[in-house]
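Structure, as structure tokens:
The values are calculated or read from the model by the stated rules, or taken from the named source; none is laboratory data. None of these values were measured; they are calculated from a predicted model. When we count neighbours, we look across all protein chains shown, and the Cβ atoms used for this are built from the backbone with ideal geometry, even at glycine. The accessibility values were calculated without ligands, DNA or RNA, using every heavy atom of the protein model including side chains. Shrake-Rupley method; radii C 1.70, N 1.55, O 1.52, S 1.80 Å.
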Amino acid sequence: VEARDIDVWLPDNYSPSKKYAVLYMHDGQALFDKNISWNGQALDVDSVAGTLISNKKIKDCIIVAIPNKGAYRASEYYPQKSLDYLPVDVRKELTGSMLQGKPQADNYLRFIVEELKPFIDKHYNTRPDKGNTAVMGSSMGGLISIYAICEYPEVFGAAACLSTHWIG
């Protein structure tokens, strides 16, 4: 998949002597800053997570914001293996028109599991087990989250799939 900048949100109480759960979130440019969001709005995940942590509603965690690559968003988020179950003409049309001719979900997940997660686990104080590793997204981000937990159940112990959207 194409290179991209990754944002990592740390809670206010982040301490090098403590271990943290990690939440990997898709559409990273829409999570914290409305000025870089596609629609001028942000989910304010940092404020929400900070409040939930301080109120002991969720465990202490780090949030890894993975931005999409614009034109390749559907290509990276559409569950690649599902293409095999579509009629050939539908598969060709979907792949050509919506997936930019290049289904990339398997490579996108491989990037998260084999490159990004090891980097995060090495450079931050994480609890790297699946019980402390989750994935989350909305719309097609929810779709790739479902696919992630199905493809890598040994890595992701939970998936939050909000308003999941299945194209095609």
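May I ask you to verify whether Ser138 is modelled with pLDDT under 95 and over 18 Å from Arg4 (Cβ atoms)?
So Ser138 passes the test.
Looking at (1) within 21 Å of the chain's Cα centre (by Cα); (2) touching a residue at least 40 places away in the same chain (Cβ under 8 Å), which is the one condition that is false for Ala30?
(2)
Please state which one of Ile36, Ile6 is closer than 19 Å to Lys117 by Cβ and open to solvent by 40 Å² or more (accessible area, probe 1.4 Å).
Being closer than 19 Å to Lys117 by Cβ and open to solvent by 40 Å² or more (accessible area, probe 1.4 Å) holds for just one of Ile36, Ile6, which is Ile6.
Quickly run through the stretch 33-76 and pick out the residues that are among the hydrophobic types (A, V, I, L, M, F, W, C) and more than 15 Å from Gly141 (Cβ to Cβ).
Residues satisfying the conditions are Ile36, Val48, Ala49, Leu52, Ile53, Ile58, Cys61, Ile62, Ala71.
Within the stretch 65-75, identify whether any single residue is hydroxyl-bearing (Ser, Thr, Tyr) and open to solvent by less than 30 Å² (accessible area, probe 1.4 Å), and answer yes or no.
Yes, the conditions are met somewhere in the stretch 65-75.
Would you mind finding the one in Ser54, Ser47, Ser15 that is among the hydroxyl-bearing types (Ser, Thr, Tyr), loosely packed, with under 14 Cβ neighbours inside 10 Å and free of Cβ contacts under 8 Å to residues at least 24 places away in the same chain?
The match here is Ser47.
Only residues that are outside any helix (DSSP H, G or I), open to solvent by 30 Å² or more (accessible area, probe 1.4 Å) and hydroxyl-bearing (Ser, Thr, Tyr): list them for the stretch 93-149, please.
Correct list: Tyr124, Ser138, Ser139.
Would you please list the contacts, defined by Cβ atoms under 7 Å and residues six or more apart or on different chains, that run from a residue in the stretch 139-152 that is within 15 Å of Ser163 (Cα to Cα) to a residue that is open to solvent by 40 Å² or more (accessible area, probe 1.4 Å) and in a helix (DSSP H, G or I)?
Met140/Arg73
Of all the residues that make up the stretch 77-92, how many are open to solvent by 40 Å² or more (accessible area, probe 1.4 Å) and not hydrophobic (A, V, I, L, M, F, W, C)?
Counting residues in the stretch 77-92 that are open to solvent by 40 Å² or more (accessible area, probe 1.4 Å) and not hydrophobic (A, V, I, L, M, F, W, C) gives 8.
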